[in-house]
Amino acid sequence: MTIQWFPGHMTRARREIQEKLKLIDIAIELLDARVPLSSRNPMVDEILQGKPRLILLNKADLADARTTEQWRTYFADLGYASLAIDASTGNRVAEIPLKVKELLHEKIARQINKGMIPRAVRGLIVGIPNVGKSTLINRLAGRNIAATGDRPGVTKGQQWIKVGTEMELLDTPGILWPKFEDQLVGYKLAMTGAIREQVLNVEDVAFFAIKELAGRYWDALAERFGLTEPPRDLEDNNELVRVMEDIGRKRGCLMSGGRVDLEKASGIILRELRAGNLGRITLESP
Ligand code: GDP
């Protein structure tokens with residue numbers, strides 16, 4: 001479900017998160033490891049108002065592992081702790097409460113020094129649609145809680161979910177909008193499946209994907225689709241369309257007269273890319 005982000009929705013989403021910030025100790029910012037910049041809300045620093053923060057590079061199973069580590073270093077240099085996780089399989093999700101406690105150790109130590117029994121640390125998951133917020137909440141809760149595709153303004157009664165004994169999580173995530181005023185960002189989010197095709201033309205998105213992949217990931221493309229002829233010039237649109245046609249021919253996407261059905265080929269390219277069938281691919285480097 002694609003949220004239409006009109007200015008009113010942004011204001012409301014922002015206000016909802018800021019209300020929730022009053023209740024929590026730490027914000028857990030979820031990004032897509034394949035597109036850490038494009039999946040980041042442009043105003044996140046302002047919105048989170050200096051709350052302690054843990055960055056999670058989610059869907060790391062689909063991303064290039066080496067680049068993911070470069071991103072972690074990049075965020076560390078900015079002063080943010082991060083973890084690379086797969087919410088859907090649960091890989092490294094168990095490290096989240098440990099990391100959160102580590103980040104809040106001073107606050108916890110202060111409570112102990114005052115003779116208090118430290119209460120569970122409270123967190124809020126925030127991120128743009130489709131980045132895996134609900135999947136992660138369910139994973140951390142160990143059961144199905146969050147309805148996927150939540151929208152800003154549609155809040156149910158908020159509850160705390162226990163994650164082990166020392167952490168609690170708000171059951172509704174903070175939903176942020178992407179940086180969509182930049183067209184490249186829109187295409188990258190469409191490639192990864194965060195924006196559905198109703199918004200962008202499927203052939204345009206697949207063309208953009210081929211353009212992005214033909215340089216850095218030609219071997220993966222060639223292997224998956226049995227291609228033998230790389231584009232001679234990545235800036236030559238005709239050459240890129242020729243690659244799309246080659247893929248269409250290999251997959252039997254033909255119309256009468258033997259012309260390649262580019263729309264069908266485009267659907268195949270995007271489906272297999274998003275499913276990870278081309279291997280682990282990251283579209284942005286620090
Ligand atoms: P939300 O809109 O942020 O709540 O995102 P969802 O939790 O609904 O997830 C969006 C899609 O991403 C779903 O199809 C999930 O199965 C998928 N997804 C979430 N986390 C991961 C992950 O770590 N790896 C992969 N491959 N898919 C994931």
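The values are calculated or read from the model by the stated rules, or taken from the named source; none is laboratory data. Please read these numbers as outputs of a predicted model, since none were measured by experiment. Backbone-built Cβ (ideal geometry, glycine too); neighbour counts: all protein chains shown. Ligands, DNA and RNA are excluded from the accessible area calculation, which covers all protein heavy atoms including side chains. Shrake-Rupley method; radii C 1.70, N 1.55, O 1.52, S 1.80 Å.
General observations
- Computed extension gain for Gln49 through Gln159, at 0.36 nm per residue and net of the alpha carbon distance, reaches 37.3 nm.
- Here Lys20 is the anchor, and the aspartates and glutamates within straight C-alpha reach of less than 18 Å, apart from those fewer than 8 places off in the same chain, are Glu29, Asp45, Glu46, Asp150, Glu168, Asp171.
- Accessible surface of the chain [probe 1.4 Å, protein heavy atoms]: carbon and sulfur percent: 48 percent
- Each distinct pair of alpha carbons in the chain adds a 1/r term; the inverse of their mean, the Kirkwood radius, is 20.4 Å.
- Length added when fully stretched, Thr73-Phe180, from 0.36 nm per residue minus Cα-Cα: 36.0 nm
- Applying the criteria of a DSSP loop state and at most 16 other Cβ atoms within 10 Å to the trypsin sites (Lys or Arg not before Pro) of the stretch 156-211 yields Lys156, Arg196.
- Per DSSP, loop trypsin sites (Lys or Arg not before Pro) in the stretch 1-53 with at most 15 further Cβ within 10 Å: Lys22
- Sequence-distant lysines (8 or more away, or on other chains) whose Cα lies within less than 22 Å of Lys188: Lys59, Lys133, Lys179, Lys211, Lys264
- Ranked from largest, the principal axis spans of the Cα set of the stretch 182-240 equal 33, 22, 17 Å.
- Cα centroids of the stretch 75-130 and the stretch 168-244: 32 Å apart.
- Hull shadow area, averaged, the stretch 201-275 [alpha-carbon convex hull, nm²]: 4.7 nm²
- The DSSP beta bridges internal to the chain are antiparallel in roughly 25% of cases.
- The chain: angle of helix 262-274 to the longest principal axis, Cα-based, in degrees nearest 10: 40 degrees
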